[in-house]
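Undergrad: The structure is given below, and queries will be raised subsequently.
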Amino acid sequence: MRRLRSSKLRPLVSETELDVKDLICPVFVDETITEPVEINSMPGCSRLPLDMIADEAECIADMGIPALILFGIPAEKDEMGTHAYGEDDVTQKAVRAIKKEAGNDIIVITDLCLCEYTSHGHCGVVNEAHEILNDPTLTILGKTAVSHARAGADIVAPSGMMDGMVKAIRSALDDNDFKDVPIMSYAAKYCSAFYGPFREAAGSGYAFGDRASYQMDIGNSDEAMREVALDIEEGADIIMVKPALPYLDVIYRVKKKFGMPTAAYHVSGEYAMIKAAAQNGWLDERRAVYESLLSIKRAGADMILTYFAKDVAKEIASK
Ligand code: PBG
C-alpha cells in the first residue's frame, strides 16, 4: 500500500477533495447594533450591523464562496415571533441590502425559524402549558418564507423541525408566485448540545423547557431516514443533516439512500471546540479544520455550512 503514498503519487490517487464551491458561510445580522460585536464563544465570528451586511456578502463572494446563510437578530421579540415576517424586519432588510450590492455574485439563503424572533426562544408558537404547537407555527413559517422570497432570497432554509413545515412553505411560496425558490430543509436536525454557542450568537436561548419535543433523539438514525423521506415528499430540494461530525453515519446513509443534494451543518459547538483547543495550543487548527470538513464531504455531503468557510477559502486560494 505504501507505494502510492509518496508525495509525488499521493495526489493522483486522492479520493476526496474540499472545494471552496462546497462551502456555505453563516452570517449573523443584528438590528440593534452599529458596530460588529464579537461572539464570545465563537472567536473570530461576529454579529454584524445591517449597514455592513452587503460588504460582508461581497467579501464572501470575492473569496469564491458561492453562498451565505443569513440569521437575523431582531430588535424586538414577542410571543408569536411577529418580527420574523415583516417587510421591514431585519432579515428582509438584510436580504434586500445584499441583493442590491452583491446581486448575482452570491446565493442568499435565509434561515427560516421562529427561535430568533420569539421572546421565549422556541422554534414555534407556545401555549400556556408551555407546549410547542405545530400547526399554528406552520402558517407563520409560510408567511415568513414568502417575505424572504419577496425580499429576494434565493433559497429558504426552514430549521424549526415542525412536522409539515416543508409542505406548508412550498404551498405558500407557490401560491405567491415564488415557484422557483428552492427549499433547503434542515431535515435531520438533532437535539444537540453542540448548538450552545449559536444561542449566544443569535440570542436564541430558550426561557423554559428544551427542544426535545421537536428536535431528533440523538441515538436515532432510522428516524432520520423517515424525516428526510417526508421532507422530500413535501417538496424539499436540498436536505440537511445537523450537526455534522457526530452524525457522519447519518450523512452517509442519507446520501446513499436518497441521492439528493445533501448539506451538512458543521455547527457552532463544532467550531468552538476546535477554536478552544487551538487557542490552548492543543491541536493544529488548520489541519483539524481541514480534516473535519473533508470527513464530512467523504461521508457524502455535497455542501457544508461552516463558520470556517472564509478561513478555508483563504487556505485553498493560497495553495
Ligand atoms: C434555529 C437554528 C439553530 C441553529 C441553526 N438554526 C439553533 C437551534 O436549533 O437551537 C444552530 C446552528 C449552530 O449551532 O451553529 N432553529
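The values are calculated or read from the model by the stated rules, or taken from the named source; none is laboratory data. Bear in mind that the values here come from a model prediction, so they are computed numbers and not experimental data. Positions of Cβ are generated from backbone atoms using ideal geometry, with glycine treated the same way; all protein chains shown enter the neighbour counts.
Undergrad: Test of understanding: among Ala264, Ala212, Ala229, which residue is within 26 Å of Met42 (Cα to Cα), out of contact with any helix residue (DSSP H, G or I) (no Cβ under 6 Å at 6 or more places or on another chain) and among the small types (Gly, Ala, Ser)? Let's see the steps before the verdict.
TA: Working: Ala264 fails: out of contact with any helix residue (DSSP H, G or I) (no Cβ under 6 Å at 6 or more places or on another chain); Ala229 fails: within 26 Å of Met42 (Cα to Cα).
Result of the check over Ala264, Ala212, Ala229: Ala212.
Undergrad: Looking for something among the charged types (D, E, K, R), surrounded by 23 or more Cβ atoms within 10 Å (Cβ to Cβ) and farther than 25 Å from Ala97 by Cα - is there at least one such residue anywhere in the range 145-164?
TA: So in the range 145-164, the residues among the charged types (D, E, K, R) come out as 150, 154, 163.
After this cut, where a residue has to be surrounded by 23 or more Cβ atoms within 10 Å (Cβ to Cβ) as well, the list is none.
Within the range 145-164 (the criterion being among the charged types (D, E, K, R), surrounded by 23 or more Cβ atoms within 10 Å (Cβ to Cβ) and farther than 25 Å from Ala97 by Cα), the answer is no, since none of the residues qualifies.
Undergrad: Six or more apart or on different chains, Cβ under 6 Å: which pairs go from a residue in the range 212-237 that's farther than 23 Å from Ser171 by Cα to one that's part of a helix (DSSP H, G or I)? Could you list them?
TA: If the second residue must be part of a helix (DSSP H, G or I), the pairs left are Ser221/Val250; Ala224/Val250.
Undergrad: Follow-up question, since we're still on this one. Would you point out the residue of the range 163-209, among those that are more than 16 Å from the ligand (Cβ to nearest atom), acidic (Asp, Glu) and in a loop (DSSP other than H, G, I, E, B), that is nearest to Ile239 (Cα to Cα)?
TA: The selected residue is Asp180.
Undergrad: What tally of residues in the range 111-137 results from selecting those that are more than 15 Å from the chain's Cα centre (by Cα) and hydrophobic (A, V, I, L, M, F, W, C)?
TA: Going residue by residue through the range 111-137, those that are more than 15 Å from the chain's Cα centre (by Cα) are 117-122, 124-137.
Right, trim to hydrophobic (A, V, I, L, M, F, W, C) and you get 125-126, 129, 132-133.
The number of residues fulfilling the criteria is 5.
Quick grid of which residues meet (1) closer than 16 Å to Val20 by Cα; (2) away from the ligand (no atom under 15 Å from the Cβ); (3) among the basic types (Lys, Arg):
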site: Lys242; (1), (2), (3): no, no, yes
site: Val250; (1), (2), (3): no, yes, no
site: Arg253; (1), (2), (3): no, yes, yes
site: Pro261; (1), (2), (3): no, yes, no
site: Gly269; (1), (2), (3): no, no, no
site: Gln279; (1), (2), (3): no, yes, no
site: Glu285; (1), (2), (3): no, yes, no
site: Glu291; (1), (2), (3): yes, yes, no
site: Leu294; (1), (2), (3): yes, yes, no
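Undergrad: A further question follows. Test each condition in (1) touching an Asp or Glu at 6+ places or on another chain (Cβ under 6 Å); (2) modelled with pLDDT under 95; (3) in a loop (DSSP other than H, G, I, E, B) for Ala102 and report the one that comes out false.
TA: Failed condition: (3).
Undergrad: While we're on this one: Of the residues that make up the range 115-137, is at least one farther than 26 Å from Gly196 by Cα and outside any loop (DSSP other than H, G, I, E, B)?
TA: Yes, some residue in the range 115-137 is farther than 26 Å from Gly196 by Cα and outside any loop (DSSP other than H, G, I, E, B).
Undergrad: Any residue at all in the range 155-162 that's among the hydroxyl-bearing types (Ser, Thr, Tyr) and part of a loop (DSSP other than H, G, I, E, B)? Steps first, please.
TA: In the first step, residues of the range 155-162 are kept if they are among the hydroxyl-bearing types (Ser, Thr, Tyr); the result is 159.
Add one more test, that the residue is part of a loop (DSSP other than H, G, I, E, B), and what stays is 159.
Yes, that holds for at least one residue.
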